[in-house]
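Enquirer: Before I ask anything, here is the structure I am working with.
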Amino acid sequence: MNNTIYRPTWAEVDLAAIAHNISQMAGKLPGHCNVIAVVKANAYGHGAVEVAETALQSGADMLAVALLEEALTLRGAGIVAPILVFGSVAPQDVPVAARHDLTLTCFQTEWIRDVNQLSLPSPVKVHMKWDTGMGRVGLRTKEELNDITEALRASKSINLTGIYTHFATADEADLEYFELQQDRFKQLWQTFKSIWDKPVSIHIGNSAAAIRFPERMYDYMRFGISMYGLYPSDVLKAEQAIDLQPAFSLHSRLIHVKRIEPGESISYGATYTAADDDYIGTIPIGYADGLIRKLQGMDVLVNGKRMPIVGRITMDQTMIKLDQHYATGTKVTLIGQQGSESIEADEIAAKLDTINYEIPCMISERVPRQYKRGDT
Ligand SMILES: *Cc1c(COP(=O)(O)O)cnc(C)c1O
């Protein structure tokens, strides 16, 4: 996707960084463990098809998404690799999934019964989800496990190919709850092993769990945030157990530069008033692009230096205070690097009191993604 852009505002997605992050992860994992590339939510805002293709070329052998819609987008782009859908898919939508050879997530006996009533073009593959403490979806007890396993054994419409669980605290300093979840997983596994004899693949870890405990991973790990070059938390960032390269950066260009006198104000509400003679630059990006109003006061980079956003961010345009006059067309970096300075998603997340996962996700589809491949 290298569409012409008319407005000089764009996100750059460095696919070589994604390849690098996958090879770093693969290098830590035991030989029997492969990478599932998690490309839900348009690959955390990076662009699902491009990231999926890069991940598959870089050694990932399965993809995962949250929604059936997201899986169909990948199939529509000609991607034939296995795709796991994490979220719940209603029984009436299972034929679509079967037709596109998608792998669904299964955790309810009733769902299995409803799927058995359908006529499917071919059996649908499922991974069974065990809720060991995340509390989102998944079966929790041995009784449920017995029930569901019995129903799966009897089903001609469903092929069980995998088992998985998800950790709630793998990114935290205190690992007690993480260990509890692993114990519960092992207990459920003992039960399952005694009632099921066909091969299934197992995956338990997200980025945080796999980076910290690669040797505990089974057949796959599910690589999300760190595939995009971000650490799952400050704890992991401090541990530096893996070398990551951020793939996402966000840029614009000055479209107007002016000098204002002391006492002059900027933007809605006139919340910024110049104390001195100021150079003010305008960039064509605003809250409709995901640059939310709470980011007033945040720095951006111009000429390798930090300059603050001043006045309210408007829907489509934002003003910054410059240290001198710059020509219109000068590049402004909102996320990423200029020279030796950088503004990381982590810094923006801290300013917004949230996690870095939200930052590329919040940059809206109005901002075109441009892809950088290898050294080109
Ligand atoms: C999103 C998601 C992941 C990826 O987690 P990261 O922390 O981004 O690596 C893994 N597994 C499941 C079930 C998820 O929903």
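Computed from the coordinates by the stated procedures, all read-outs in this text should not be read as laboratory data. What you see is a predicted model, and the numbers here were worked out from it, not measured in a lab. When we count neighbours, we look across all protein chains shown, and the Cβ atoms used for this are built from the backbone with ideal geometry, even at glycine.
Enquirer: Got a sec? How would Lys156, Lys294 order by Cβ neighbour count within 10 Å, fewest to most?
Expert: Lys156, Lys294
Enquirer: Here's another thing I want to ask about it. Enumerate the amide H contacts of Thr318 below 5 Å, restricted to partners 5 or more residues apart or on another chain; note that Pro and chain-start residues carry no placed amide H.
Expert: Excluding prolines and chain starts, which carry no amide H, the hits are Ile283, Ile285.
Enquirer: Separate question: Please report Val235, Val65 as a ranked list, fewest other C-beta atoms within 10 angstrom at the top and most at the bottom.
Expert: By the 10 Å Cβ count, ascending, the order reads Val235, Val65.
Enquirer: Taking amide H positions as placed 1.01 Å from N in the peptide plane, with prolines and chain starts having none, which residues 5 or more places from Tyr371, or on another chain, fall under 5 Å of its amide H?
Expert: Those qualifying (amide H under 5 Å, at least 5 residues apart or on another chain) are Val13.
Enquirer: A further question on this structure: Please identify, among Gly290, Gly229, Gly31, the residue showing maximal mean-square fluctuation in a Gaussian network model of the chain using a 10 angstrom Cα cutoff.
Expert: For the chain, modelled as a Gaussian network with Cα springs under 10 Å, the answer is Gly31.
Enquirer: Ala241 versus Asn116, label points 7 Å from Cα toward the beta carbon: distance in nm?
Expert: Between Ala241 and Asn116, the simple spin-label model gives 4.2 nm.
Enquirer: Per DSSP H run of n ≥ 4, the term is -39500 (n - 2.57); total these for the chain, divide by its residue number, and report the mean residue ellipticity at 222 nm rounded to 500 deg cm²/dmol.
Expert: Calculated at 222 nm, the ellipticity per residue is -8000 deg cm²/dmol.
Enquirer: What length, rounded to one decimal in nm, is gained on full extension from Arg373 through to Ala288, with 0.36 nm per residue of separation minus their alpha-carbon distance?
Expert: Computed gain between Arg373 and Ala288 is 27.8 nm.
Enquirer: Exposure proxy check: Met62, Met362, Met227, Met315 ranked by fewest other beta carbons within 10 Å?
Expert: Exposure proxy ranking, most exposed first: Met315, Met362, Met62, Met227.
Enquirer: Tell me which aspartates and glutamates have Cα within less than 17 Å of Lys193's Cα, excluding those fewer than 8 residues away on the same chain?
Expert: Straight-distance partners of Lys193: Glu143, Glu144, Asp147, Glu150, Asp183, Asp219.
Enquirer: Additional query: Taking amide H positions as placed in the peptide plane 1.01 Å from N, state which residues far from Ala66 in sequence (5 or more) or on other chains have amide H under 5 Å from it.
Expert: When sequence neighbours closer than 5 places are left aside, the close amide H contacts are Lys40, Ala41, Phe86.
Enquirer: Something else about it: Determine the relative contact order of the chain: mean sequence separation of Cα pairs under 8 Å and six or more apart, normalised by residue count, in whole percent.
Expert: Across the chain, relative contact order equals 19 percent.
Enquirer: Moving to a separate point now. Considering only DSSP beta bridges with both partners in the chain, what is the antiparallel share in %, to the nearest 5?
Expert: Just about 50 percent of them are antiparallel.
Enquirer: Calculate the dipole size of the chain relative to its Cα centre from +1 charges on Lys and Arg beta carbons and -1 charges on Asp and Glu beta carbons; express the result in debye to the nearest 20.
Expert: 780 debye
Enquirer: Tell me, what ³J(HN,Hα) does each residue in segment 248-261 have, in order and in whole Hz, if you take phi through Karplus 6.51 cos²θ - 1.76 cosθ + 1.60 with θ = phi - 60° and put x for Gly and Pro?
Expert: Result, rounded to whole Hz: 9, 9, 9, 9, 8, 9, 4, 10, 7, 9, 9, 10, 10, 8.
Enquirer: How many angstrom lie between the Cα centre of segment 307-376 and the Cα centre of segment 156-220?
Expert: 38 Å
Enquirer: Any of Lys237/Lys351; Lys40/Lys351; Lys129/Lys186; Lys28/Lys372 with alpha carbons more than 23 Å apart? Name them for me.
Expert: Violating the 23 Å Cα-Cα cut-off are Lys40/Lys351; Lys28/Lys372.
Enquirer: Could you state the number of Å between the C-alpha centres of segment 224-259 and segment 1-73?
Expert: 15 Å
Enquirer: Stretch Ser342-Asn159 to full length: gain in nm at 0.36 nm per residue minus the Cα-Cα span?
Expert: Value of the extension gain: 61.1 nm.
Enquirer: Further question: May I ask you to compute the full-extension gain from Lys186 to Asp316, defined as 0.36 nm times their residue separation minus their alpha-carbon distance, rounded to one decimal in nm?
Expert: Net length gain for the segment: 41.6 nm.
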